[in-house]
Each structure stands twice: as C-alpha cells, then as structure tokens.
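*Asks:* A single structure is presented below for examination.
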Amino acid sequence: MHDHAQAAQHAAPTGFIRKYVFSLDHKVIGKQYYGLGLLAVLIGMVLSWLMRIHLVWPNTPIPGLGLLSKTGAPGGVMTPEYYLQLMTMHGTLMVFFVLTNVPFAGFGNYFLPIQIGAEDMAFPRFNMMSFWTTFVAFLVLMAAFFVGDGPPLAGWTAYAPLSAVGADSGPGEAVGQTLWAISIAIFCIGQLLGSLNFIATTLDLRTKGMTLARMPVSTWAWFITSCIGLLAFAVLLPACLLLILDRVAGTSFFIPANLVVSDHLQPHSGGSPLLWQHLFWFFGHPEVYIAILPAMGIISHVLITSMRRPLLSHRVVIACMMSIGFLSYMVWGHHMFVSGMNPASSLAFSFPTLIITIPATILTLIWLGSLYGSRLQITAASLFSLGFISMFVSGGVSGFFLAQPSIDIYLHATYFVVGHFHMVMGVAAIFGMFAGTYFWFPKMTGRMMSEKLGKLHFWLTLVGTYCIFMPFHYLGLAGNVRRYSSFVDDFMKPLMPVHKFMTIAALLTGAAQLIFLYNLIHSRFRGAPASANPWEATSLEWTTASPPPVDNFGGKHPVVYHDPYQYSVEGAAKDYIMQDSPEPAAD
Amino acid sequence: MATVTQAPPNTGSPAKPPGDNAGGGGWRSLVPADGNPHTTRDYSPPPARTGIWVGLAAITMSFAAFTSALVVGKGSTLAWPHIELPSVLYFNTLALISSSGTLEIARRRFTRNGETAAARLWFYATLGLGLIFVSGQYSAWLQLRSEGLYLATSPSSSYFYVLTAVHALHVLGGLGGLSRLVAKLTGPVPSLRRSTLYATSCYWHFMGLLWLYLLLVLWMKL
Amino acid sequence: MGKFFAITIVIIALASAVPIVRHTWAPPQNISVHGSAIDDQMSETMVEAGFSFLAAQFVLAVLVWKFSSRPRDAKVTKFPGGAKGLVIAALILVGSEILALGILGQKAWASVYFTPPAANAIPVQVQAGQFAFYFRYPGPDGKFGPLHPEKIDEANQNFFGVDVDHDPESKDDIVTAELAIPVNRDVHLLMHSKDLGHSFYVRELRIQQDFVPGLDLSLHFTATKTGKYEIVCTQLCGLGHYNMKAYLEVMPQENFDKWLAQQAALQ
C-alpha cells in the first residue's frame, strides 16, 4: 500500500475565525492575498497621485497631508524629503505587496490546486503561515509612516550607503529604514513558504491523468514563478539581514571607510556599496519576471477561452516561460551598467539581456498567431488580455534601448527607465490582474461582474495608462532625471507641460479605477448568479461549482483525459470539451 | 485554404477509464507501457519528500548569497584581518557529524526493524550531539570575544559571526524538528510518518554538510 | 467592440510615434567625441524598435478587427506555418537585431571605457557629496595632494579635506565649484565620493557614471563645442538630490588658462 499523495487532510472548518481568518483553505488564503494586494494598490496609487501633484503643483497645499505628517508636509505642502519618502513607499508597496501578491500568491493560491485537480495545497498550515507572515510584513512596513521622521527615502532599491549609515543620511533613515528592512525580510520568509507550497503541490498533487504537459498554461506560469521566487527571495533575505546589521550592529558589509555624512565621519570601514547592488539586483531582476510571468499565464489562459482555440503551441509557450525564468538570473547587471562595476561585466550582462528578447518575442508572436483564424469573444477579461499584449509590446520595446550599455549611458536614471518599468509592471501586469479578476470572479464568488462596467473600465484604463506612461519615454529622451522631487534645472523646467499632462492623466485614470472597485463590491453582493461554467471554458476549475466547495470537487477526484484546451474540435458536439471529459479529443 | 485546427478524433478504441493506481506521477510524467494515452500510473511521492528538497534548495541559495558576499567583500577591501578559527570549532564539527551518524542509526532501526524504543534512544543521542554543537558554537563566540573580536570589529569577524550564527539558527530549527519527531515516537501508538522522518533526516544531514562547507570557507577566507 | 479596440490601438500607436518622428523631445546636440557613436546606435535602435512597436500594434489591431464578432459556426483555422514558422522568424529577426546592435554597441562602449585618456589629458578631480559637486585641479605640479576626510570643513571652504600645511602637493591645488575645461582636449575626470552614492551626468557629453564611495573611478572625454552645460546628479542621494548640480563650461584653451589662473589666485 503506497503513500497516496494528498494534501494533509483537514476537516471543513467551523466558526468565523477558522473559516475566514486563520483558514487552511487555499481558496480563502488566495482571497486574503488578493484583498491585501487590493489594499496595497489603493495606498500605492494614492501615493503616486501625491507624488505627481507635488511635481507639478509644488506649493499647493494638499488637504489632509499635513495630518499624516506634520514634518513631512507642514500645512499640506510636501517637503523634498517627504516626496522621496512617499516615493519609496510607493515602489515598495507596488512591487512587493501588489505585483508579487496578487497575480502569483492571490490567483495562484486560489486556482493552482483546482486546476491540477487537488483538494488543497501540499502544506496548508505553511500556506496559512505564508499569508499571515506577509500580512505582518505589511504592517511593519506601514508602521514606517507613523514613526519618528517617517518612512525611508532611499527608494525601493535602498542603495547603500544611503540606506546603511542611518540617521545621518537623511530624514526617515533612522527607524523608518530599519522597519523597511525588517518588513522586507519578513516578506521574504512569507514568499519562501508560498513558493515551497506551489512547487510541492504542482509536483506531487496532480490528479489522475494530469501529467505536467496537461497542466493549463496559468498553472505552468505559477509553477515557474514559484521556482524563480524560491531562489530569488532566498538571496534577498540574507541581503536584508546584512543591511540590518550595518544599521544597528555597527558592521560594515556595505559601508567603506572615510565617509563623511552630514559632517560626521562614519565609524565604518571595509564594506562595499556595490555588493548591496549585486545582491539586491540578483533578486531584483528575477522579481520583475515574478511580476510578469503569472500575468502572462493568466492572459494566455483567458485568451484561449475567449478565442475558442488553444495557443498555436502549448509546448513552445511553456518553453519560452521557462527560458525567461532561467535567463532572468543572468541579467541582473543591466541595472548596474554605469554603477562603477567592471565595464567588461556590463558588456557581458548586456548579451543575455538582449537574448531574453527572443522568448518574449516568440510569446508575442504566438499570441498574435493564435488570434489568427480564431473566434475571438470580446469580454472585459479578453479586452484586458488583448490590452496586455499591447502594453507588453510597448514596455518591452523600450527595454531594447536600455539593454545596450552605450545607450544606457544616456538613458540610465531618466524617466525613460521609469516609463519602461511602469509599462511592463505598472500596466501590463496589472492588466493581467484585471483579466484574472473579470474571468475568475464568477468562479470565486458565484456571481457575475457587470460586463458593461468592466468594458468601460477597460477603455478608460487603456487610454489613460497610455496617456500617463508614453510621455515618460519622451521625457527620458530629453534627459529628464528620475527621483527628483522638483525640476529646477534649466533643461527640465521646460518639460513641465508634459508633467502636467501626465499628472492629470494619472488622476483621471485613478478615478476610473473606482468603476472597477464599485463593480467588484457591488457584484459581490448583488451580481447575477453565476453558473459553474459561464465562459464555456474547459479547465478543471470550471467543472466544479461556483464557488467551489471546501474540498474543491465535492468529494470527487477528477480524472483527466487530455490537455486542458480542447476548443473547436472538429466533429465534437460543442465547441469545447472539458478536461475531465472522456470524450475523444484531438491529441 | 482553411486548415483544420485539430486532428479528427481518434475513432479507435474509446478512452479506457484509468486504473485504481493511476495518478499524477510526481515530478515525472509517466504514461504506462500498455499504450493507453489516457491514463498514467501514480508515482506521486508524499509532499514532504519533495518539500524538503525545495526547502534545502532555498537554504543553499541563501548560503550561496552569503558566500558571494564574503568573496566580494574580501576582494574589495584591504582591511581583512586574519581570524584564527577557535579550536572548539573542530570539536563541534565532530559532534555534528557524529549526530548524523546517530541519526542514521536511529532512522534505520525504526524503518527497517520497527524498533521504536531503540530508535528513540538514538534520536535522543542525535538531539544531544546537536545541542553540544550549538553550545560549542556559542563557546567559540565567547572565545573570539575574549580575543577582542566582536561582530563589528572587522569585516572578517563580521562574516564569521554571521555565517556561524545563521547556520546555528538553522540547526536550532533542526533540533525543533527532531524533538517533534521524538514526540511522535513517544506514547503508546507511534504516529511518525515515513515522509516526516525522511524530511527531518534530510534536513539534519544537510546541516552537517553545510557546516563542513562553511568551515572550509571560513578556514580558506578568514 | 473588437473593431473599436483595433481603431483605438492604431490611434494610440500612431500618436505615440508622432513625437518621436518629429523629434519633439529629443536628446540635445552631442558635444563629445564619443557621443556620435552613441547617437548612431540610438537612432538605429529607434528605427528597429519603432518598426517593431508599430508592426506589432498594427498586427494586433488587424487580427482583433478580423477575428472578433465572427458567427458562432465559423471555422477556427490555424495560422499558416503554425508555431514553428513564428519561432524561426523570431529567432532570425531578433537574433540578427541583437547581433547587429550588440556588436555595434561594443565599439561605442569601448571608446568610453576601454581607451585610456590621451597623453595630454587634463586631470580634474570631482567630489560628490550631499548635495554639491566640487572640482579640484592639480595645479602646476600636476599632482593632487592626499585627502583627509576628518579635515573636511565646509564653513572654511575646505571641501575636499586637504591639508595645505603638511602636504606640499596640496599647496597648489585649485578647488572650484564649477567645472571648466578647454575645448577639444581630453579631460580625465577622477571621481571621488565624500559620503554616499551619487552620479555625474551631462546630457550633451553623453556621459553618465556613478560615484561609488570607497572606489577610485575615472572617466575621460573630449568636448567639441564651447558653451555652458549642466551637470546633474542622477543617483538618489537624499533630500537635496533634485538640487545637486554644477555647471560645465567648455571654453577655448587660452580662456581656460586665464580662468584657471584666476581661480588659483582665489584659493
């Protein structure tokens, strides 16, 4: 009698706390991650509005800001340091608590077990711990707003020695920066537990007939992302530990000798600022692929259903995602071309950076090629997926410039870079989240969202985000430097009209997100009831009730007979065949 | 020139229902030799077996990061005073390696012969040797302090403390796992799962191997 | 609605391309010797990137236009060639682009980083610190005196921490708040950070290089046009980062010699 792999059995929970708070159920945990991500994105978005308002109307008091910080914004007028502090929190919240939380931990936790036919994740208790660890990290980070002289101002990248020497380097660099480092270290632990779960679950808990090749593309994306995340966060954690020690224990991992900061000769010696950059970006670059790969998986999954046909080649798509994951570990130096590292290393790093264009291009061509000859259904979910393709192209193309060290000499640290990463992460990845939400909301809640409002949300967001972020590239070409709280330089002052345009676009687009929020909340309580399979989709999540029962399949173990995308099969009765249907399908 | 997107259905034998043992296949995707493409055999290992290797991969990566930091750190400064490794470290090493030995004895006694009581004693020995290791590491730190070498004294002393402390922390975690294991063996009905034993043992042996590696790095670089 | 999507995408794509094609916001004119190679590379990349961007958006628009709102019974057909053709196309197209740009790029990069400064290059030390740049010329002895961080005294204008009383080489060093250089002569910039990470960026020179505390980095370049240009800090260094700047003045050799003599008198 061999050990049959199954998730640690847990009985259906009773009581509010067990059901909704400290729940072992991956579906609840997925929703908790999603909720946390939603809260983080709202805060992050408001921070971005504050930043953009300050850039174009620096002397206008912002109502309420003086209450948040008397020293940072006396009378509601933001100081230069507070701009940087808000900027740091904006980046940290968005990259960690939104882009890692929602597409990966949120949707992945909810749907990976169901898509592979399992009852739950491999380690439900670790899963619960991973969410609450992430939540604690969030609280520690937010605490930085309310301590001493506020949050750190070193950016989400926290370069040493600025982030390492302590209070001497600026406001927020005492307690605020330490809280930041502790928060991120705790976040790493949460992510490691999460990745552990995803990997073990994917490898061990697939149901009968579900070979690796038969997993949906979204599952593959989560699996590859968890492999990347496991190794990346395992490097960030030591880095944060060393930073904390430099700050509180007087060590000098990142601080060299003879530094005079704010007239104080620093008592450190022997450290290397570049070491922080290497450690950070060794994590940081895979991190951005952790942000985008799940979105690629989600929009592919949505598009397949919407197009009523599989992608041109399942294997090629998965191979591309795998090679992107693998290459992501070889390119980190492209953030450091002019950092003072060996210029020969810069050339070395530029090659894998350019090469990563190849799988990205193949993916784009496959998406486009799959649209050809399809029967594309236009829904809110499919619109956001198509918008993802457009945004991914736009954002990817600017990367082509930055991948070349000689061009980077000019464009590094300008708004060009900011435009690039906002398009891929701040828009494309977010479009993936929207697509996932509109697509899976019926399954998660048993109710339909308003398609009309969803489409309106899409149009306003598509046009709005292009209006916000395209001009970033033009500003960058003109040499507009980033991370500036004001533009006092001769050559930047004439660019103010562009900045005004971007700020207004940002405020309007932000307001448009209220439509999404309203739709989300209203539909949760008043949406039309959803059937088990409102999109006539084929993967396993659509074979069970909306929402699924506690053990996902109501005591049954699904059996899978073919790959998950049997759409428009010649000779079949309907234009889709469920993955658990024994009906003969194309091979 | 429309080309059909899918091949016509296989109108040969209809799909056979999978046998009782058909399942996911663990990290291998296997199709049985009888040729029926619609079923697979179940070779899924219990999740703990996979999970421990995933966890060890993460720990390996973390120590790889520490090692790179040490190498880069040493290369970027002249202020790297040599640290004479306290001799107690070698004694600690002996304790830790022996504990792997006692663990193996315990594990085999339990799995092959079902000798729960004997196994328990050898597990206690492992725990004891592990505790000796950790306290020995602490005395190494005390010895360095007596020589005036603290955490922040020099870059090399910093790496000594950080590497040994982080390893010791992981060993403490391993001791926790071993205690849990012993607790499951105690009482009228032992409830220790083979996968838990496997995972805990892998972790503990890894701690030993990791220590040998760290000792080598410290000896070479400090 | 698919048609509406197609139209919107095309409009967005074209509108995005307009400022690029019209050079509405563009890099300022290059004034350095190595800069033209960088500009050439940028133009070549812009053409390829621009083409890829427009092509991809158009193709997306056309496909969505054609294949959305088809009748329920329309047959789903496969792209001719399938995935294989697209993979090969991507490999060839992108592969050749990468090769071309990679090889081209090496030259431009090498001219900045792998060529030594000219024999008659002027050495200038630049120190970055929260939140200003200061410059030091070696004076007639051609040597820079050693730096003593503990002697830094901004109030008394000892920005670098030199000890003129005890270090003979420091006696003739000239410290200024702006960087003046002669035109058409190589300048060897020695970069030193007083406190944290900063960066030296002059758009017109096509130069950008971080200062790393604890590392002796250097840069060399030759300016080809006289004029006044801004040096700005591009590495986040604290609350005054936005205001950390200095001026670069490129002037004819005789003017430079006069200026240097004036500065020496002010020390």
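*Asks:* Of all residues being open to solvent by 40 Å² or more (accessible area, probe 1.4 Å) and among the small types (Gly, Ala, Ser) in the range C:38-60, which is nearest to the other protein chains (Cβ to nearest Cβ)? Just the residue, please.
*Replies:* Residue satisfying both the conditions and the ranking: C:52.
*Asks:* A follow-up question, please. Would you check if residue B:48 is at pLDDT below 60, out of contact with any His (no Cβ under 7 Å at 6 or more places or on another chain) and either at the interface with chain A (Cβ under 9 Å from one of its Cβ atoms) or more than 29 Å from residue A:209 (Cβ to Cβ) (or both)?
*Replies:* Working: at pLDDT below 60: no; out of contact with any His (no Cβ under 7 Å at 6 or more places or on another chain): yes; either at the interface with chain A (Cβ under 9 Å from one of its Cβ atoms) or more than 29 Å from residue A:209 (Cβ to Cβ) (or both): yes.
For residue B:48, the condition - at pLDDT below 60, out of contact with any His (no Cβ under 7 Å at 6 or more places or on another chain) and either at the interface with chain A (Cβ under 9 Å from one of its Cβ atoms) or more than 29 Å from residue A:209 (Cβ to Cβ) (or both) - is not met.
*Asks:* Same structure, new question: Would you mind finding the one in C:227, C:238 that is open to solvent by 10 Å² or more (accessible area, probe 1.4 Å), of a type in the set (Gly, Ala, Ser) and either on the phi > 0 side of the Ramachandran plot or not assigned by TED's automatic domain parsing to the domain that holds residue C:182 (or both)?
*Replies:* C:227
*Asks:* Moving on. May I ask you to say which residue of B:142, B:185 is more than 14 Å from chain A (Cβ to nearest Cβ), modelled with pLDDT of 95 or more and either touching a Cys at 6+ places or on another chain (Cβ under 9 Å) or farther than 19 Å from residue B:97 by Cβ (or both)? Break it down into steps so the answer makes sense when it comes.
*Replies:* Working: B:185 fails: modelled with pLDDT of 95 or more.
Of B:142, B:185, the one residue that is more than 14 Å from chain A (Cβ to nearest Cβ), modelled with pLDDT of 95 or more and either touching a Cys at 6+ places or on another chain (Cβ under 9 Å) or farther than 19 Å from residue B:97 by Cβ (or both) is B:142.
*Asks:* While we're here: Would you mind listing the strands (runs of 3 or more DSSP E) fully within the range C:114-216 where at least 1 residues are open to solvent by 30 Å² or more (accessible area, probe 1.4 Å) and of a type outside the set (Gly, Ala, Ser)?
*Replies:* Filter on the range C:114-216 gives C:122-129, C:132-137, C:174-176, C:186-193.
*Asks:* Are any residues in the range B:92-116 without any contact (Cβ under 8 Å) to a residue 40 or more places away in the chain and either open to solvent by less than 60 Å² (accessible area, probe 1.4 Å) or more than 19 Å from residue B:191 (Cα to Cα) (or both), and if so, which ones?
*Replies:* B:94, B:98, B:101, B:102, B:105, B:106, B:114
*Asks:* Being in contact (Cβ under 8 Å) with a residue 60 or more places away in the chain and within 7 Å of chain C (Cβ to nearest Cβ) is the filter; apply it to the range A:391-432 and report the residue that is most open to solvent (accessible area, probe 1.4 Å).
*Replies:* This residue is A:412.
*Asks:* Would you be able to tell me the number of residues in the range A:557-579 that are within 14 Å of residue A:214 (Cα to Cα), touching a residue at least 60 places away in the same chain (Cβ under 8 Å) and either in a loop (DSSP other than H, G, I, E, B) or among the charged types (D, E, K, R) (or both)?
*Replies:* Number satisfying all stated conditions: 8.
*Asks:* Of the residues that sit in the range A:344-379 and are part of a loop (DSSP other than H, G, I, E, B) and more than 7 Å from every other protein chain (Cβ to nearest Cβ), which one is surrounded by the fewest Cβ atoms within 10 Å (Cβ to Cβ)?
*Replies:* A:377
*Asks:* Follow-up. Tell me, which residue of the range A:212-232 that is under 16 Å from residue A:116 (Cα atoms) and open to solvent by 10 Å² or more (accessible area, probe 1.4 Å) is nearest to the other protein chains (Cβ to nearest Cβ)?
*Replies:* At the first step, the residues of the range A:212-232 found to be under 16 Å from residue A:116 (Cα atoms) are A:212-224, A:226.
Next, from what is left, pick out any that are open to solvent by 10 Å² or more (accessible area, probe 1.4 Å): A:212-214, A:220, A:223-224.
On the way: A:212: 5, A:213: 6, A:214: 8, A:220: 13, A:223: 11, A:224: 14 Å.
Applying the filter and picking the extreme gives A:212.
*Asks:* To continue, here is another question. Against the condition touching a residue at least 40 places away in the same chain (Cβ under 8 Å), open to solvent by 40 Å² or more (accessible area, probe 1.4 Å) and not hydrophobic (A, V, I, L, M, F, W, C), how does residue C:29 come out, does it pass?
*Replies:* On the way: touching a residue at least 40 places away in the same chain (Cβ under 8 Å): yes; open to solvent by 40 Å² or more (accessible area, probe 1.4 Å): yes; not hydrophobic (A, V, I, L, M, F, W, C): yes.
Against the criterion (touching a residue at least 40 places away in the same chain (Cβ under 8 Å), open to solvent by 40 Å² or more (accessible area, probe 1.4 Å) and not hydrophobic (A, V, I, L, M, F, W, C)), residue C:29 qualifies.
*Asks:* Could you grab me the full set of residues in the range A:380-390 that are more than 9 Å from chain C (Cβ to nearest Cβ) and not aliphatic (A, V, I, L, M)?
*Replies:* The answer is A:384, A:385, A:388.
*Asks:* Within the range A:457-516, track down each residue that is more than 26 Å from the chain's Cα centre (by Cα), more than 9 Å from chain C (Cβ to nearest Cβ) and surrounded by 20 or more Cβ atoms within 10 Å (Cβ to Cβ).
*Replies:* None; the set is empty.
*Asks:* May I ask you to verify whether residue B:157 is within 25 Å of residue B:70 (Cβ to Cβ), over 12 Å from the mean Cα position of the chain (by Cα) and open to solvent by less than 10 Å² (accessible area, probe 1.4 Å)?
*Replies:* Working: within 25 Å of residue B:70 (Cβ to Cβ): yes; over 12 Å from the mean Cα position of the chain (by Cα): yes; open to solvent by less than 10 Å² (accessible area, probe 1.4 Å): yes.
So residue B:157 fits the description; yes.
*Asks:* Further question: Please state which one of B:65, B:48 is touching a Ser or Thr at 6+ places or on another chain (Cβ under 6 Å), over 20 Å from residue B:172 (Cβ atoms) and buried (at least 16 other Cβ atoms within 10 Å of the Cβ).
*Replies:* B:48
*Asks:* For the range A:328-343: of the residues being open to solvent by 20 Å² or more (accessible area, probe 1.4 Å) and in contact with a helix residue (DSSP H, G or I) (Cβ under 8 Å, 6 or more places away or on another chain), which is farthest from the other protein chains (Cβ to nearest Cβ)?
*Replies:* This residue is A:330.
The values are calculated or read from the model by the stated rules, or taken from the named source; none is laboratory data. Please read these numbers as outputs of a predicted model, since none were measured by experiment. Cβ sites come from the backbone with ideal geometry, for glycine too, and all protein chains shown count toward neighbours. Remember, those area values only see protein heavy atoms, side chains included, never the ligands or the DNA or RNA. Shrake-Rupley method; radii C 1.70, N 1.55, O 1.52, S 1.80 Å.
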